[in-house]
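Down below is the structure, laid out as structure tokens.
Just so it is clear, none of the values below were taken in a lab; they were calculated from the coordinates. Keep in mind that what you see is a predicted model, and the values were worked out from it rather than measured. Counting neighbours? That spans all protein chains shown, and the Cβs are built from the backbone with ideal geometry, glycine included.
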Amino acid sequence: MDHQKLILDRLTTILSETDNSNATKLTSLVDGARRIFIGGAGRSLLVSRFFAMRLVHTGYSVSMVGEVVTPAIKAGDLLVLVSGSGSTETLLPFVKKAKSVGAKLAVVSMKSKSVMADVADLNVQIGNDNSFPLTTGMPMGAQFELSALIFLEAVIADIIAAKDLTEEGMRAIHANLE
């Protein structure tokens with residue numbers, strides 16, 4: 001079996017089933033935020049870190065939830081959580097805190113309804129409720145994480161185009177203590 005083709009075909013299908021108007025809505029929330037806080041758990045945390053890094057490259061003030069240098073979230077800020085289930089237990093206290101201080105919440109999930117989606121200002125559903133069947137060759141959430149990664153990278157591409165950013169300008173922001 002050609003697993004590369006299988007993976008690319010599944011991701012293409014899932015992304016074709018994704019409501020792309022949510023990219024514009026997410027960009028609007030990002031642009032309207034004073035500061036952006038990003039989080040996730042497990043493999044979704046890896047996807048969220050990728051998105052956070054790209055937001056930094058495009059000039060936003062970004063913090064990763066759970067880092068020792070992360071400041072307090074406040075009204076005017078945005079919390080973006082990546083959670084396939086939309087109900088990851090370890091992330092729920094962050095949802096509660098963000099909402100209690102008046103911060104906005106965006107959730108990137110594979111569910112249309114979930115604990116997080118029900119209180120989010122924006123639920124970015126990747127695919128639809130039927131987009132993630134068990135697929136041999138793509139175990140344990142790989143379909144969601146890879147689709148979310150591509151969706152969020154496309155959001156970054158939209159931001160780059162809208163802000164007319166250049167590679168040189170973005171490199172000037174890129175980490176230089178690596």
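Quick one: would you say ASN176 is free of Cβ contacts under 8 Å to residues at least 60 places away in the same chain and of a type in the set (S, T, N, Q)? So ASN176 passes the test. Residues in the range 105-129 that are surrounded by fewer than 21 Cβ atoms within 10 Å (Cβ to Cβ) and either in contact (Cβ under 8 Å) with a residue 12 or more places away in the chain or touching a strand residue (DSSP E or B) at 6+ places or on another chain (Cβ under 9 Å) (or both): 10 in all. Checked against the criterion of being touching a helix residue (DSSP H, G or I) at 6+ places or on another chain (Cβ under 7 Å), part of a loop (DSSP other than H, G, I, E, B) and under 18 Å from LYS25 (Cβ atoms), the candidates VAL119, VAL115, VAL108 yield just one match: VAL119.
On the basis of being closer than 30 Å to ASP2 by Cβ and aliphatic (A, V, I, L, M), does LEU105 make the cut? When the stated conditions are applied, LEU105 does not pass them. The number of residues in the range 132-164 that are part of a loop (DSSP other than H, G, I, E, B) and either free of Cβ contacts under 8 Å to residues at least 12 places away in the same chain or surrounded by fewer than 16 Cβ atoms within 10 Å (Cβ to Cβ) (or both) comes to 8.
Could you check the range 38-65 and list, in sequence order, the residues that are more than 14 Å from VAL82 (Cα to Cα) and without any contact (Cβ under 8 Å) to a residue 60 or more places away in the chain? Matches in the range 38-65: MET53, TYR60, SER61, VAL62, SER63. Among the residues examined, MET53 does not qualify as surrounded by fewer than 19 Cβ atoms within 10 Å (Cβ to Cβ) and in contact with a helix residue (DSSP H, G or I) (Cβ under 6 Å, 6 or more places away or on another chain).
I'd like to verify a number: residues in the range 85-121 that are in contact with a Leu (Cβ under 6 Å, 6 or more places away or on another chain) and under 30 Å from ASP9 (Cα atoms), how many? So the answer is 2. Determine whether the range 83-102 contains at least one residue that is of a type outside the set (S, T, N, Q), touching a Gly at 6+ places or on another chain (Cβ under 7 Å) and closer than 30 Å to GLU168 by Cβ. No: zero hits.
The range 1-103 holds helices (runs of 4 or more DSSP H) entirely within its bounds, and those carrying 1 or more residues that are on the phi > 0 side of the Ramachandran plot map to 42-57.
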